[in-house]
Amino acid sequence: MSSASIHTAASSEEEAMILDVVRKLVAEKVAPRAAAIDESGEFPWDIQKVFAENDLLGIPFPAEYGGVGGSFLTYVKVVEEVAKACASSSLIIAVQELGALPIIIAGSHEQKQRFIPKLASGEWTGAYALTEAGSGSDAAGSMRTRAEKRGDTYILNGTKIWITQGSVADIICVFAVTDPSKGPNGISAFVVEKGFPGFKVGKLEKKMGIRGSPTVELIFENCEVPAKNMLGEEGTGFKTAMKVLDKSRPGIAAQAVGIAQGALDYATTYAQERIAFGKPIGQQQGIQFMLADMKLDVESARLLLYEAARKCDGSSADLTLWAALAKLKAGDTAMSVTTDAVQILGGFGYSVEYPVERMMRDAKITQIYEGTQQIQRLVIARTMVGKWKPPANGAPRT
Ligand code: CAA
């Protein structure tokens, strides 16, 4: 795909053109590699290169900073297409977005100029580091990584875990406590560049799924980060982290919808071909009911996903709600549909020679990362009933 053609992507015609190219790339380059990527557990640089060459790493990044300037809707559809064949490969696109969003949302013009074009082109890989050993769901309350200002430098100390693409990233948006007395409003965001003194990559996780996507520990030992790499004002980092998740959760929902659709497609074809009791199993009511329920869930999740993506495009006030609804429904759908796909294939479904067992393993993480399904429910309910705050000391309980 030429840069000239994709760099003006905005209309539905252009979206159709992009998706056409992506489907071809997936069929020719990604799908044939999916099983080997899972088996080796290594980051597929060849696939990253294909995505970079075809301008797929910066679809919704602003055109003025080297992005395509496309819509979030186009972006989630691209992630979905890739995830139908290979969940690990789809994360290359989704995490590039996740790593760039703190800069796009909270960065200055100078910071955007410095970082976004290289992320958009794929010359650099990005990552996002919020989670710590004691701070997963309770991202603000339990954060321990500290950043202390010394002159024009912040000194970071602490360890982040479960950082997707952390070992292959050139830049990582890291969240750290600058003022422990201020709770969530004492957290700040920084861009840590590979090679900064005091920064190193720790343990590589061995995982059930998304095995081609490296998940690592990041260690900061008196890591020196220039103050010019702080995103936004001191103390605004947690809000930036949350605004990022509002826009990145649809990317994970897209991955989940793609995994589910990939498994459903495979199970449907299998059900049309596999004969039992004298006819294709797809003609048996027991299997038909399963296929129909799988279809219902996938289409429902997709509708929520596309609506959430439209909310991202419009920066709607209720984006937080829709991102959580989409991620919750899509993650649960990915898990149930892939599990049923394995069931439809029976013993074959349990074999590594068929892709549905990989899809089932890959699906599980979509119920865990970017906020567990329980956190999505908490976020959804808070948009309905608010967050309860204990009465101030001495205030009467009513
Ligand atoms: N947008 C803007 N501001 C927001 C916000 C949002 N969506 N959500 C919260 N805030 C603000 C609040 O208004 C509040 O501000 P004030 O103090 O000024 O009132 C402040 O942030 C603190 O918010 P809460 O009081 O709601 O904080 P909390 O501690 O009660 O709960 C939470 C927040 C929703 C539970 C949050 O911690 C959360 O989302 N946890 C899950 C973390 C998560 O998703 N981690 C994923 C890691 S990334 C990953 O997984 C990527 C990968 O590997 C691919």
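The values are calculated or read from the model by the stated rules, or taken from the named source; none is laboratory data. This structure is a prediction, so every number in the text was calculated from the model and none was measured. Here the Cβ is made from the backbone with ideal geometry for all residues, glycine too, and neighbour counts use every protein chain on show. These accessible areas exclude ligands, DNA and RNA; they are computed on the full protein's heavy atoms, side chains included. Shrake-Rupley method; radii C 1.70, N 1.55, O 1.52, S 1.80 Å.
Being over 19 Å from the mean Cα position of the chain (by Cα) and assigned to a helix (DSSP H, G or I) is the requirement here; does Ala301 meet it?
On the way: over 19 Å from the mean Cα position of the chain (by Cα): no; assigned to a helix (DSSP H, G or I): yes.
Taking the combined requirement at face value, the residue does not satisfy it.
Taking segment 145-170 as the range and being within 13 Å of Glu221 (Cβ to Cβ) and within 13 Å of the ligand (Cβ to nearest atom) as the test, only Lys160 passes.
Counting only residues that are surrounded by fewer than 24 Cβ atoms within 10 Å (Cβ to Cβ) and closer than 19 Å to Leu91 by Cβ, segment 333-356 holds 2 of them. Selection over segment 215-273 of residues that are away from the ligand (no atom under 16 Å from the Cβ) and not in a helix (DSSP H, G or I) gives a count of 9. Considering segment 171-197, the residues that are away from the ligand (no atom under 15 Å from the Cβ) and open to solvent by 30 Å² or more (accessible area, probe 1.4 Å) include one that is farthest from Gly99 (Cα to Cα), namely Pro197.
Among the residues of segment 357-379, write down those that are open to solvent by 60 Å² or more (accessible area, probe 1.4 Å) and more than 15 Å from the ligand (Cβ to nearest atom). Lay out the reasoning, then the answer.
Taking segment 357-379 and keeping what is open to solvent by 60 Å² or more (accessible area, probe 1.4 Å), we get 360, 364, 368, 374, 377-378.
Within segment 357-379, just Met360 meets the criteria.
The single residue among Arg382, Arg397 that is at pLDDT 95 or above and either assigned to a helix (DSSP H, G or I) or surrounded by fewer than 17 Cβ atoms within 10 Å (Cβ to Cβ) (or both) turns out to be Arg382. If you go through segment 93-134 and keep only what is over 18 Å from Glu217 (Cα atoms), within 15 Å of the ligand (Cβ to nearest atom) and part of a loop (DSSP other than H, G, I, E, B), you end up with nothing. Among the criteria (1) among the acidic types (Asp, Glu); (2) within 16 Å of the ligand (Cβ to nearest atom); (3) open to solvent by less than 50 Å² (accessible area, probe 1.4 Å), the one Asp297 does not fulfil is (2). Applying the set (1) over 27 Å from Trp322 (Cβ atoms); (2) crowded, with 23+ Cβ neighbours inside 10 Å to Ala83 leaves exactly one unmet item: (1). On the given criteria, is Ala147 within 20 Å of Asp179 (Cα to Cα), outside the structural domain of Gly70 (by TED's automatic domain parsing) and in a strand (DSSP E or B)? So Ala147 passes the test. Pairing residues of segment 226-241 that are within 20 Å of Asp170 (Cα to Cα) and in contact (Cβ under 8 Å) with a residue 24 or more places away in the chain with residues that are within 10 Å of the ligand (Cβ to nearest atom) and open to solvent by less than 40 Å² (accessible area, probe 1.4 Å), at Cβ distances under 6 Å and at least 6 apart in sequence or on separate chains, gives Ala241/Leu130; Ala241/Phe175.
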